[in-house]
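Take a look at the structure below.
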Amino acid sequence: MVHLLSKEENRIYATYNQHPVQAEASGTEYHFLDVLAEELDLSFLPEVLDGFVYCPGSINLVPFHRIKPSDFLADFQLQVNGAIKILQAILPKLKAAGTASIVFFSTVAVQTGFIFHSQVAVSKGAIEGLTRALSAEFAPSIRVNAIAPSLTDTPLAAKYLNTEEKIQANAQRHPLKKLGTPQDIAEMAAFLLSEKSAWMTGQILHVDGGVSSIRG
């Protein structure tokens, strides 16, 4: 996504947590950020922001009876409270832009029931509710949409795609017979940030190869 946005000469402020990243695209800065910290240092951001994408997340596919209530809360802290904390901190910067776009991330598992997905579906379901609520509250100056991908071949999903057999098995569960790629998701995020989606808000957009059933 960073590369797509940088091609259009946008100024991008990206963050990392566990793995430092070197800026490869011009006009891009990377800064350390822990969304779970009590105090957030966002001093690197300018006074005006045209867009905001929140993509920290986790994938833990576990039978419901094995999940502790504290596990649900930990996911919620990362995927929902983290988004809320940062958005509340930068909201004046988004309002200063006149028109801005917010992009959240959900999962197809929220609206399509999959086994072992209760932990991730709880937090992402909250994200979808937040998307729709804020789209109404922030209109007409700020648009709010969410992307709900199916299984995508990223480091986050690596433990479920760590053999060629798992990759092919999960690909075959999609009607398009392939997994999503980071590029597929980045294209949608760039679209939602741009003026090409200027008449879209409160939408949950599925990016997937059809309904799938994901197993480890």
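The values are calculated or read from the model by the stated rules, or taken from the named source; none is laboratory data. Predicted, not measured: the structure shown is a model, and the values here were computed from it. Note: ideal-geometry Cβ built from the backbone for every residue, glycine included; neighbour counts use all protein chains shown. Each accessible area value is taken on the protein alone, full model and side chains, heavy atoms only, with ligands, DNA and RNA left out. Shrake-Rupley method; radii C 1.70, N 1.55, O 1.52, S 1.80 Å.
I'd like the full set of residues that are modelled with pLDDT under 95 and either among the β-branched types (Val, Ile, Thr) or surrounded by 14 or more Cβ atoms within 10 Å (Cβ to Cβ) (or both), limited to region 195-210.
Scanning region 195-210 gives HIS206, VAL207, ASP208, GLY209.
Would you mention how many residues in region 102-128 are touching a His at 6+ places or on another chain (Cβ under 6 Å) and either surrounded by fewer than 23 Cβ atoms within 10 Å (Cβ to Cβ) or basic (Lys, Arg) (or both)?
Going through region 102-128, the residues touching a His at 6+ places or on another chain (Cβ under 6 Å) turn out to be 108-109.
If we keep only those that are either surrounded by fewer than 23 Cβ atoms within 10 Å (Cβ to Cβ) or basic (Lys, Arg) (or both) too, we end up with 108.
Adding up the residues that qualify gives 1.
Based on this model, can you work out whether TYR16 counts as loosely packed, with under 14 Cβ neighbours inside 10 Å, at pLDDT below 95, touching a strand residue (DSSP E or B) at 6+ places or on another chain (Cβ under 7 Å) and closer than 24 Å to ALA158 by Cβ? First the steps, then the outcome.
On the way: loosely packed, with under 14 Cβ neighbours inside 10 Å: yes; at pLDDT below 95: yes; touching a strand residue (DSSP E or B) at 6+ places or on another chain (Cβ under 7 Å): yes; closer than 24 Å to ALA158 by Cβ: yes.
It is true that TYR16 is loosely packed, with under 14 Cβ neighbours inside 10 Å, at pLDDT below 95, touching a strand residue (DSSP E or B) at 6+ places or on another chain (Cβ under 7 Å) and closer than 24 Å to ALA158 by Cβ.
How many of the residues making up region 129-141 are in contact with a Phe, Trp or Tyr (Cβ under 8 Å, 6 or more places away or on another chain) and open to solvent by 10 Å² or more (accessible area, probe 1.4 Å)? Quick ask: steps written out before the conclusion?
To start, the set of residues in region 129-141 that are in contact with a Phe, Trp or Tyr (Cβ under 8 Å, 6 or more places away or on another chain) comprises 130-131.
Those left that are additionally open to solvent by 10 Å² or more (accessible area, probe 1.4 Å): 130.
The number of residues fulfilling the criteria is 1.
How many residues does region 23-76 hold that are closer than 19 Å to ALA186 by Cα and open to solvent by 60 Å² or more (accessible area, probe 1.4 Å)?
Residues that pass the stated criteria total 5.
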